[in-house]
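**Student:** Here you go, one structure.
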């Protein structure tokens, strides 16, 4: 029979308690970390959504429309890691980022602009906005690639005599960027005669 002194018993008890404590901390970390990450991503998702909300005067679409109407230049900043893309064929600008949670319940484009489709059709001047905001969430690993895209459509007068369009073009030829800023400049304003007179306002995009 092996007898232990009180000191030895105390040491073994301490080791057992420490081992149990480490196990509990590890379990809490493994269960708690994903919850913390999801809460952080939920805040990130909400922040990005706000910057593409057309009711927000600091949103990207609002800034582009303001420069198209007033001239000058503006800088849009979004402190989120992601990829910008300017598509001159679609006349759109998009931002894609990864999140473990999503506020978009579709892997196909859904319109966030009332009464508009993705891609949009021609709108009516004085009734519709020139920009249409769309979004989608594509499953990737343990989360989603969430994309917000702003299309700019032609707006026609109710008489059909004239049409107006914001045309996006790259400032230096760069169409994609992982930067966190977008500089917006107004370029030329051209009038294209025809059966319908089309007035095109050029907006130059420079990724930072």
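Every number here is computed from the coordinates shown, using simple stated rules; none is lab data. Computed from a predicted model, the values in this text were never measured in an experiment. As a convention, Cβ positions derive from the backbone with ideal geometry for all residues, glycine included, and neighbour counts pool all protein chains shown.
**Student:** Quick one: Cα centre-to-centre distance for region 175-206 and region 93-110, in angstrom?
**Tutor:** First find each Cα centre; the distance between them is then 26 Å.
**Student:** As a footprinting exposure proxy, order 132, 48 by other Cβ within 10 Å, with the fewest listed first.
**Tutor:** Starting with the residue having the fewest Cβ neighbours, the order is 48, 132.
**Student:** By counting other Cβ atoms within 10 Å of each Cβ, how are 151, 109, 84 ranked from fewest to most?
**Tutor:** Listed from fewest to most nearby Cβ atoms, that is 109, 84, 151.
**Student:** May I ask you to sort 153, 39 by Cβ crowding, counting other Cβ atoms within 10 Å and putting the fewest first?
**Tutor:** Lowest to highest Cβ neighbour count: 39, 153.
**Student:** State the dimensionless ratio Rg/Rh of region 43-207 (Rg: radius of gyration of Cα atoms; Rh: Kirkwood radius).
**Tutor:** 0.98
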